[in-house]
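See below for the structure under consideration.
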């Protein structure tokens, strides 16, 4: 692994602000998710999915000082976080090639509001690679209730593509219920095209069986209105807020708002959607590669 030097910054760059998806905001929406042209993806009579190659992962630690409380993470902190990411996505067949750690110590950026000039300056300066490269930024975000935010594969490209994660959500980071590194797993799910399990077109009717919600058929519907502020980040195994529909609330799903202890899985449908989104938006293929994926179909 290549380890970059620590850089002390006291300046800011100028760049236009673009919209980003913010986790922890129940009013945010991913809709409408883009439709999938399965002919383009090479999914004809045989459903053959294009398995993403190992995804290059670059970690940027942005801290106010070299103290843990100011967002600084050690190489060992990063190693533990990356291992959680690898272990969580391994059952989906998605792997990561962690190539670099990069440390920045600066008080120039305040990290108040996602999408503000400070965030844009940071990502514009530090981003590496193309749409296939996952840039993770760990920052001492001041917001107490949000774990991070991430760009979506169909909405963002260039230097603002990536995921920003709150520093204290890494394993052992001290967050009250995101303390095992799974906030990053949740955000990377967005980077790969997944919505929250509770996304609906009509928030007033979340149990509507005709609502496509997150675009995945095997994540049970549930009524997020039942989740009080005290319940967020907890693990209530027997919740069934849409009792007339099949399946209990997906409290073990990485894309729900649950504690790290409770989050353990992606569904098969979510795995398929991540493959589809990778193929449609992030993969760069030779002109004839689609045909190779369905040879013999």
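Any read-out appearing in this document is the output of simple, stated calculations on the displayed coordinates, not a laboratory observation. Here the structure is a predicted model, which means the values were calculated and not measured. Neighbour counts run over all protein chains shown; Cβ positions are idealised from the backbone, glycine included.
Distance from the alpha carbon centroid of segment 140-204 to that of segment 62-112 works out to 13 angstrom. Once the chain from residue 76 to residue 244 is taken as fully extended at 0.36 nm per residue, the excess over their C-alpha distance is 55.8 nm.
Using the Cα gyration tensor of segment 139-193, with a ≥ b ≥ c the square roots of its eigenvalues, what is the shape: rounded (a/c below 1.5), prolate (a/b larger than b/c) or oblate (neither)? Judged from the Cα gyration tensor, segment 139-193 comes out prolate (a/c at least 1.5, a/b above b/c).
A full extension of the chain between residue 236 and residue 87 corresponds to an added length of 51.3 nm, given 0.36 nm per residue minus the alpha carbon distance. Sorting 238, 130 by the number of Cβ atoms found within 10 Å of their own Cβ, with the fewest placed first, yields 238, 130. Given a Förster distance of 45 angstrom, what is the FRET efficiency for residue 66 paired with residue 268, based on the Cβ-Cβ distance and rounded to 0.05? The value I calculate is 0.55.
Using 1/(1 + (r/R0)^6) with R0 = 30 angstrom and r between the beta carbons of residue 261 and residue 211, what's the FRET efficiency to the nearest 0.05? Don't jump to the answer; show the numbers that get you there.
Working: r = 29 Å, r/R0 = 0.98.
Step by step, r from the Cβ atoms, then E = 0.55.
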